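Report on the following structure.
The values are calculated or read from the model by the stated rules, or taken from the named source; none is laboratory data. Quick caveat: nothing in here was measured; it's all calculated off a predicted structure. Glycine also receives a Cβ, built like all others from the backbone with ideal geometry; neighbour counts cover every protein chain displayed. Ligands, DNA and RNA are stripped out before the accessible areas are found, and what is left, the full protein with its side chains, is counted by its heavy atoms. Shrake-Rupley method; radii C 1.70, N 1.55, O 1.52, S 1.80 Å.
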Amino acid sequence: MTAQFLDFDILQFAAWLGEATGEYADISVTSIRGGGSCEMFRVDRPGESLVVRRAPKAAVSATAHQVIREARIMEALSEQGIPVPRILARSENSDVLGAPFFVMSFVDGDVIRRNGLPAGLHDNPDSHGSIGEQLIDTLADLHAVDWANTVLSEMSHPEGFLDRQVGRWMTQLDSYRVRELDGIDDLAQWLQTNTPDRADLTVMHGDYKVDNVIWAPAPPPRIACIVDFEMTTVGDPLIDLAWAMIFWPEDGNPIALAAPGSPNGIHPAHCQAPAQLVDRYAATTGRDLSRFDWYQVFSAWKLAIVLEGSYATHVRGESRNPVHEVFGPLVKQLLIRARRFAR
């Protein structure tokens, strides 16, 4: 790929990287698929591979600088033993690459996606039970971080976190409503009426799921690192757990990743039911999960609102992404899931 096609000033970045790290060398750059709202690039130089995560060039200033916030969070989590890519350098200066960015180590591994497991994991079905165990145990470790002694204490607003969630997401929905959605307002009322009185406060990833971790390339399944900390804050840990269960490889779940029964899915004999993983989390952390149904409702309801935002862009003719049209029926399925737990 050419630098022009990549929209990446290779020469200027190479000079900046050399100054930032004290190591000057020629580099090559390729685009990486994924990365959520940010752009990702792989940078190769002699003996080392790195990853650049850049804020969208079109983002407003406050949004653009969230990428620097993410880097600071990763630095803090690394210091507490959480498996994250190592941050080498960061820059709030848009003159280098057109937007703020940070540079992190390249972690060799694979991602579990909807189309199935990477070959190294798929070919060892007897080890598939470790996927769920690793997912839960790593989440428990993240939730055990002493956040009060990290930069998250100054970046987050934990007081009243749970109480303001429903209103926040209803405001989000009202900003782009394009159709009537059966039960979405009733669920909001149920959530507000039944909000747990007391909740723990921990580091909350905000988008923790089986494809937001990188798995070591060789079996047995092992999480090499957690990625995508854009939504990380101090909040209720059970939201993370419920969110992860929405995407868990469960047969019949329309948004499951590597579901049993799919061509490259987790072997059915070694895929835990969500309830088994929830029990493992409770046993590992000692947390009371007697009100976990509330979190199941909230997480499915919230994801429905998030996806409805993209579907609304399709309805208004503002998006050509075919996936956004598919989100329409998925929103309805998520609301059905939410109602199932609202009891």
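Output the helices (runs of 4 or more DSSP H) that fall wholly within region 102-209 and possess 3 or more residues being surrounded by 16 or more Cβ atoms within 10 Å (Cβ to Cβ) and hydrophobic (A, V, I, L, M, F, W, C), or say none. Those helices (runs of 4 or more DSSP H) span 129-143, 165-174, 184-193.
Candidates in region 219-256 are the residues that are under 12 Å from residue 114 (Cα atoms) and either at pLDDT 95 or above or not in a loop (DSSP other than H, G, I, E, B) (or both); of these, the one that is least open to solvent (accessible area, probe 1.4 Å) is 248. Scanning region 15-44 for residues that are in contact with an Asp or Glu (Cβ under 7 Å, 6 or more places away or on another chain) and at pLDDT 95 or above, we see that the one that is surrounded by the most Cβ atoms within 10 Å (Cβ to Cβ) is 27. For residue 302, the test of being of a type in the set (D, E, K, R) and open to solvent by less than 60 Å² (accessible area, probe 1.4 Å) is passed.
Within region 295-343, the residues that satisfy the criterion of being assigned to a loop (DSSP other than H, G, I, E, B) and without any contact (Cβ under 8 Å) to a residue 60 or more places away in the chain are 317, 318, 319, 320, 321, 343. On inspection, residue 99 qualifies as part of a loop (DSSP other than H, G, I, E, B), touching a strand residue (DSSP E or B) at 6+ places or on another chain (Cβ under 7 Å) and open to solvent by less than 10 Å² (accessible area, probe 1.4 Å).
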